[in-house]
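Everything on this sheet refers to the single structure shown next.
The values are calculated or read from the model by the stated rules, or taken from the named source; none is laboratory data. Computed from a prediction, not measured in an experiment: that's the story for all the values here. So basically every Cβ, Gly included, is an ideal-geometry build from the backbone, and we count neighbours across all protein chains shown.
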Amino acid sequence: MKLPYYHVDAFSSELFRGNPAGVCPLERWLPDAVLQNIATENNLSETAFFAPADEGFDLRWFTPTVEVDLCGHATVASAEVLFSELNQPGNTIRFQTRSGPVTTARRGALIELDFPSRPPAACPGDDLLARALGHAPREVLKARDYLAVYDSQSQVAALTPDFTLLERLDSAGIIVTARGENCDFVSRYFAPRAGIPEDPVTGSSHCSLIPFWAGRLGKNELFARQISRRGGELHCRLMGDRVAIGGRSVIFGRGFLEVPVS
């Protein structure tokens, strides 16, 4: 079977920055094992698959090792493909996902995600977390992920985690964050249990980062940078129990996958 395939750099206006995602539009769903094999072969942090649904599209995301319940950058990438390559009419797309309905909107050059808010709650410090990160945070909170708060952007940038230790933590991933030097806040994201040592730019982590920093900074509109090696930029808004996460994206490749399906 020949499948259309796009490679998209999301949360960036430049190629070779942001977070690369694979995007596979489907006419019908293939077996889960086939979807996982495609994502494993792509070896990107996520490959997104979407297919027509009664209302909008069904959307799923796979890392090289597992299916995940929410992914921001691959949703931005999927919307970019639909709008710019597949002539999706209008300025909004509704996706049905494992985390419920997700709406994307085209706002000028940005694609904005409407995601659930996941406010983190304070939790006891974990010695394993501190040892794994190599520098103890001043504060630890948790929602889906651990949220480790540091005093400065330079401390976040300097972290060299022990991924073997991070993998032992009871958490989908680990967010590290601090006030930004030329933005409201910065972050990095580690998810070795999902086969992603460090994710370049992570939309879903901002479901917790936005309510946290909105409360700390006293404002609901924020500009964030993820300071991985590739780096990325996110335009953020807190909307009650939802968050808006906006970003640009650039299509790097267009082609086809040759997939054996029995």
Among the listed residues Glu67, Glu41, which satisfies the condition of being out of contact with any Cys (no Cβ under 8 Å at 6 or more places or on another chain), modelled with pLDDT of 95 or more, of a type outside the set (Phe, Trp, Tyr) and farther than 21 Å from Phe256 by Cα? Glu67
If you go through region 204-225 one residue at a time, do you hit one that is closer than 23 Å to Ala48 by Cα, surrounded by 17 or more Cβ atoms within 10 Å (Cβ to Cβ) and in contact with a His (Cβ under 8 Å, 6 or more places away or on another chain)? no
Out of (1) assigned to a strand (DSSP E or B); (2) farther than 23 Å from Ala191 by Cβ; (3) among the polar types (S, T, N, Q), the one Thr104 does not meet is (2)
Close pairs (8 angstrom Cβ cut-off, 6 or more residues apart or separate chains): farther than 17 Å from Ile210 by Cβ in region 163-182, of a type in the set (S, T, N, Q) anywhere: Glu181/Gln153
Looking only at region 174-193, and only at residues there that are touching a Leu at 6+ places or on another chain (Cβ under 9 Å) and assigned to a loop (DSSP other than H, G, I, E, B), the one that is surrounded by the most Cβ atoms within 10 Å (Cβ to Cβ): Asp184
Filter region 101-113 for residues that are surrounded by fewer than 18 Cβ atoms within 10 Å (Cβ to Cβ) and of a type in the set (D, E, K, R) and give the result. Arg107
Selection over region 169-191 where residues are under 15 Å from Leu147 (Cα atoms) and under 19 Å from the mean Cα position of the chain (by Cα) yields a count of 15
Which pairs turn up if I take residues in region 193-222 that are closer than 23 Å to Asp162 by Cα and look for partners that are among the acidic types (Asp, Glu) with beta carbon separation below 6 Å, at least 6 apart in sequence or on another chain? Arg193/Glu167
For region 4-26, state whether one or more residues are surrounded by fewer than 19 Cβ atoms within 10 Å (Cβ to Cβ), in the same structural domain as Ala79 (by TED's automatic domain parsing) and without any contact (Cβ under 8 Å) to a residue 40 or more places away in the chain. yes
Only one of these is at pLDDT below 95, at negative phi and of a type outside the set (Asp, Glu): Gly125, Gly72, Gly100. Name it. Gly125
Determine whether Leu166 is closer than 21 Å to Arg237 by Cα, crowded, with 17+ Cβ neighbours inside 10 Å, under 20 Å from the mean Cα position of the chain (by Cα) and not hydroxyl-bearing (Ser, Thr, Tyr). no
Report the residue count in region 38-74 for those that are under 17 Å from Ala191 (Cβ atoms) and hydrophobic (A, V, I, L, M, F, W, C). 10
